[in-house]
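**Q** Let me begin by handing over the structure; questions about it come next.
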Amino acid sequence: MKYFVLTLGCQMNMSDSERVKTVFSNMGYKQTDNEEEADILGVMACSVRQAAIDRVYSKIHDWNLRKDRKSIITFVSGCILPKDMTKFEKLFDLSFPTAEMEKLPEFLNHYGVPSIHSVSPARLDPIKSEFWSIQASYDSSFDAFVPIQNGCNKFCSFCAVPYTRGREVSRPSEEILKEVGDLINKGYTSITLLGQNVNSYGLDKKGQELSFAELLHRIGEVGDKASHRLWIYFTSPHPRDMTNEVLDVIAAHPSIANQIHLPLQSGDDKVLIRMNRKHSMDRYRQIVEYARHKIPNIAITTDIIVGFSGETDEQFANTVLAMEEFKYNMAFIAKYSPRPGAASYQWEDNVSMNDKKKRFEILTESLKKSSYAHNISMIDKEIPVLIQGRSRDGKYLIGRTEGKVNVRIKSDDLSLIGKIMDVSVSRANPFSIEGEFVMVTAK
């Protein structure tokens with residue numbers, strides 16, 4: 001039997017899907033990218049954005065029509081609001097939270113779909129009593145996501161995550177360290193620690209678990225001893241919980257990437273209050289200043305929302321000033337749209353789409369300037385690059401720098417994919433660079 005899984009949403013959902021695949025693999029099922037040949041069709045859904053939910057409805061409509069000509073089973077799981085899950089229960093054969101993923105074999109047995117390996121669901125190894133203990137079936141042989149925490153306690157007014165994933169829960173540090181250590185031993189060159197608020201790790205288990213800085217330090221110690229070059233990332237931190245200790249740990253360990261994603265969302269204190277961000281511009285500024293003092297070559301990226309409910313021209317102008325001040329390497333700019341389940345969904349969406357588009361364009365132009373300046377500064381320098389694949393035309397290899405700048409290299413040597421190679425930068429664009437390999441053998 002074959003299964004197909006559509007994954008929507010963020011990296012957390014991608015990581016969850018990798019564990020779903022392990023469940024199916026242990027039952028003897030084969031993965032397929034062709035929906036038409038699948039016997040089991042599933043979605044790892046995301047209620048955070050309405051567009052993702054709309055796509056789920058489109059898929060299940062098509063899949064249910066197919067039941068007239070083929071016996072199939074459908075399921076849905078993921079990051080889903082209770083009200084969305086209630087609706088999905090009527091459309092999908094199976095609907096369950098990710099925390100109950102280890103019960104999937106049992107659920108399928110109720111539909112007359114036994115394990116091909118004839119193994120009792122309760123005995124499937126390594127499936128245990130908790131979702132995190134399921135060994136991930138990684139989609140990449142060199143780039144892995146490792147969940148360290150789930151849920152959110154921040155309740156930003158624009159965000160539905162606390163209602164889709166619940167309160168913050170920290171994964172046992174022993175499990176995290178083992179998974180990271182195993183990945184390093186297998187030669188992985190990029191490992192990203194995942195959580196809605198990674199730097200609040202351990203706060204739900206004070207006195208019983210490591211702090212995020214302590215966990216990062218332990219991971220850095222393992223990474224520094226690796227026989228190959230690698231970069232360890234984490235995302236996303238919240239400014240409220242970011243400490244100098246975390247930045248000190250980044251500076252102390254060569255294996256921890258000199259890059260942080262620090263969501264700003266708005267450059268105006270009044271908007272930040274309405275967003276319930278629980279940090280001020282002064283606090284944010286202190287973090288950035290210390291980061292650049294401690295790690296001079298650090299790359300800083302961010303998230304920004306334009307046109308949030310009630311945002312005035314003056315308040316948006318403060319965000320423009322913040323963009324110019326912090327000179328981000330990259331920013332992910334989004335036009336505000338009310339998200340069902342979030343507090344602001346009840347508020348008037350009183351910034352016109354036309355104004356949102358104009359503000360988006362203004363910030364994008366500001367970002368182009370700062371990103372281009374960073375990229376130009378790399379010309380004629382030799383920098384390490386993680387080779388990720390090849391271009392569509394097959395003439396170039398593509399990769400990313402430690403600071404996650406896209407790179408294009410004239411080469412067709414596919415043996416270099418997954419390795420960190422030194423590249424001499426010869427050309428810069430606003431959001432990418434180009435160069436040539438300094439040497440043809442990986443370190």
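The values are calculated or read from the model by the stated rules, or taken from the named source; none is laboratory data. Keep in mind the model is a prediction, meaning the values are calculated, not measured. Positions of Cβ are generated from backbone atoms using ideal geometry, with glycine treated the same way; all protein chains shown enter the neighbour counts. Accessible surface is based on the protein model in full, side chains and every heavy atom, while ligands, DNA and RNA are left aside. Shrake-Rupley method; radii C 1.70, N 1.55, O 1.52, S 1.80 Å.
**Q** Quick one: what pairs do we get from region 56-84, first residue under 24 Å from MET14 (Cβ atoms), second open to solvent by 70 Å² or more (accessible area, probe 1.4 Å), C-beta under 6 Å, 6+ apart or different chains?
**A** Within 6 Å, the pairs are ILE73/TYR111; LEU81/TYR163.
**Q** Still on this structure, I have one more. Does at least one position in region 155-170 carry a residue that is within 21 Å of the chain's Cα centre (by Cα), surrounded by 20 or more Cβ atoms within 10 Å (Cβ to Cβ), in a helix (DSSP H, G or I) and of a type in the set (Ser, Thr, Tyr)?
**A** Yes, that holds for at least one residue.
**Q** Considering only region 218-235, state which residues are crowded, with 19+ Cβ neighbours inside 10 Å and either basic (Lys, Arg) or in contact with an Asp or Glu (Cβ under 8 Å, 6 or more places away or on another chain) (or both).
**A** Passing the criteria: only TRP231.
**Q** Suppose the filter is open to solvent by 20 Å² or more (accessible area, probe 1.4 Å) and modelled with pLDDT under 90; does ASP139 pass it?
**A** Working: open to solvent by 20 Å² or more (accessible area, probe 1.4 Å): yes; modelled with pLDDT under 90: yes.
When the stated conditions are applied, ASP139 passes them.
**Q** With (1) without any contact (Cβ under 8 Å) to a residue 24 or more places away in the chain; (2) farther than 20 Å from ASN297 by Cα; (3) in a strand (DSSP E or B) as the list, and GLU361 as the residue in question, which single condition is left unmet?
**A** Checking GLU361 against (1) without any contact (Cβ under 8 Å) to a residue 24 or more places away in the chain; (2) farther than 20 Å from ASN297 by Cα; (3) in a strand (DSSP E or B), the one that fails is (3).
**Q** For region 11-33, what are the residues that are outside any helix (DSSP H, G or I) and open to solvent by 70 Å² or more (accessible area, probe 1.4 Å)?
**A** Within region 11-33, LYS30, GLN31, ASP33 meet the criteria.
**Q** Within the bounds of region 315-333, is there any residue that is loosely packed, with under 15 Cβ neighbours inside 10 Å, within 24 Å of the chain's Cα centre (by Cα), among the aromatic types (Phe, Trp, Tyr) and over 13 Å from ARG359 (Cβ atoms)?
**A** Yes: region 315-333 contains one or more residues that are loosely packed, with under 15 Cβ neighbours inside 10 Å, within 24 Å of the chain's Cα centre (by Cα), among the aromatic types (Phe, Trp, Tyr) and over 13 Å from ARG359 (Cβ atoms).
Each row is one residue, and each column tells you yes or no for (1) part of a loop (DSSP other than H, G, I, E, B); (2) touching a strand residue (DSSP E or B) at 6+ places or on another chain (Cβ under 9 Å); (3) surrounded by fewer than 15 Cβ atoms within 10 Å (Cβ to Cβ).
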site	(1), (2), (3)
ALA45	no, yes, no
VAL56	no, yes, no
HIS61	no, no, yes
ASP68	yes, no, yes
SER71	yes, no, yes
GLU102	no, no, no
GLU106	no, no, yes
